[in-house]
Amino acid sequence: MTTYLVTGGAGFIGSHLTTKLVEYGHQVRVLDNLSTGSLKNLAHLGNQFEFLQGDLCDRQAVAQAVKDVEIIFHEAALASVPRSVEHPLDTHEACVTGTINLLDAARHAGVRRVVYAGSSSAYGNQKTMPKHEGQVPQVLSPYAAAKLAAELYCEAFASTYGLETVRLRYFNVFGPRQDPNSPYSAVIPRFVAALLKGDQPVIYGDGSQSRDFTFVENVVQANLLASQADGVSGRVYNAACGQTLDLITLLRLICERLDVSFAPHFAPARVGDVQHSWADISAAERELGYRVGISVHDGLAQTVDWYVEQHRLSQNKVEPVAAPLLSSGVTAVPPSAKGHVA
Ligand SMILES: NC(=O)c1ccc[n+]([C@@H]2O[C@H](COP(=O)([O-])OP(=O)(O)OC[C@H]3O[C@@H](n4cnc5c(N)ncnc54)[C@H](O)[C@@H]3O)[C@@H](O)[C@H]2O)c1
């Protein structure tokens, strides 16, 4: 049976990927240092996966994690532009040093393929849209630089050592389980959390900036396809919806779903943020067989409803359960039931 390793599997995207792999009956191991992730995100899986608590920069832990693994989904990173502006060295360590440690351990262990979670931040502000993989990157933040540097290591390990690597550039992924409570939370959880608390959501800049918001299930599909497709090692693909939405429109849609009035607070634009983001997904469609399964509107409705339910449970003092929205066949269990912790 193929053994999959998901680094960062206790995080937002990694937990959805882990859930899907378990649902398909695969043997799955998760490596995570729980710095931004939580075992609550995997609680619904019970003991159906193996959990290793460890850091990507700890070579021993990484060597243990890659043992007998065929395919790695590399999700672990400090995934935030503002965090990288405040703490560039931490971002570098997790994203770049962590990735080269993983790649080196993978080649020594005979891993077949590594699928890397890259970022659309690598594009920066391009003159022409939509953004495609042939464009020259333009990094506007330490996060973008770190995610791109790790991409280059993936490319180098494919050409130098024959380790198969496929890079996906994710565009603003959103969905259930994305953390709304961190100072570095992404825009959708931040808007919803503020509105549920009765606070004014903050828009940095004038709200005209736009993003290609991508429901997490689409990114999970892109990963599964990238892990299996032939002739794609060493290549990079956008993983996105192929549509763009400005922040004013995004907030209006969320307000409509919550049935609350639209009254944002505008704050100065943040350093490192790109102005517009919109992906050309034709390469992924052509070479990976990727299709957008869930539209941004349907994904947004599911996501907002999930936050509302979590809010309701927390108001009633019930510990929220990490509901496996993407896994119809998996039974939810209380958060105390954790995977096997090595
Ligand atoms: N969420 C997005 O919109 C988005 C967009 C582009 C790229 N990405 C990339 O997708 C991946 C997953 O992002 P996410 O949104 O799920 O973030 P997340 O913070 O929810 O998940 C990251 C996980 O990695 C773990 N981690 C961090 N540093 C680690 C280390 N040194 N060793 C071991 N584990 C470590 C964290 O504990 C966490 O569980 C990241 O690589 C991120 O850069 C995300």
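The values are calculated or read from the model by the stated rules, or taken from the named source; none is laboratory data. As the structure is a computational prediction, the values presented were derived from the model and not from experiment. As a convention, Cβ positions derive from the backbone with ideal geometry for all residues, glycine included, and neighbour counts pool all protein chains shown.
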- Message: For the range 33-46, check the following and say yes or no: at least one residue is more than 9 Å from the ligand (Cβ to nearest atom), free of Cβ contacts under 8 Å to residues at least 24 places away in the same chain and outside any loop (DSSP other than H, G, I, E, B).
- Response: no
- Inspect all residues belonging to the range 59-67 and state whether any of them is over 16 Å from ASN101 (Cβ atoms) and in contact (Cβ under 8 Å) with a residue 60 or more places away in the chain. no
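Residue by residue, here is whether (1) at pLDDT below 95; (2) of a type in the set (Gly, Ala, Ser); (3) crowded, with 18+ Cβ neighbours inside 10 Å; (4) closer than 30 Å to HIS44 by Cβ holds:
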{"site": "HIS265", "(1), (2), (3), (4)": "no, no, no, no"}
{"site": "TRP278", "(1), (2), (3), (4)": "no, no, yes, no"}
{"site": "GLU285", "(1), (2), (3), (4)": "no, no, no, no"}
{"site": "GLN310", "(1), (2), (3), (4)": "no, no, yes, yes"}
{"site": "LEU326", "(1), (2), (3), (4)": "yes, no, yes, yes"}
{"site": "GLY329", "(1), (2), (3), (4)": "yes, yes, no, yes"}
- Item | Residue that is nearest to the ligand (Cβ to nearest atom), among those in the range 10-32 that are among the charged types (D, E, K, R) and buried (at least 23 other Cβ atoms within 10 Å of the Cβ) | ASP32
- Task: Output the residues belonging to the range 61-81 that are more than 12 Å from VAL30 (Cα to Cα) and either within 13 Å of the ligand (Cβ to nearest atom) or of a type in the set (Phe, Trp, Tyr) (or both).
- Result: ALA77, LEU78, ALA79, SER80, VAL81
- Item | Any chance ALA77 is hydrophobic (A, V, I, L, M, F, W, C), at pLDDT 95 or above and within 18 Å of VAL166 (Cα to Cα) | yes
- Note on the structure: Of the residues in the range 152-171, those that are surrounded by fewer than 22 Cβ atoms within 10 Å (Cβ to Cβ) and within 12 Å of the ligand (Cβ to nearest atom) come to none
- Residue in the range 47-57 that is farthest from the ligand (Cβ to nearest atom), counting only those that are in contact (Cβ under 8 Å) with a residue 24 or more places away in the chain and under 27 Å from PRO183 (Cβ atoms): PHE51
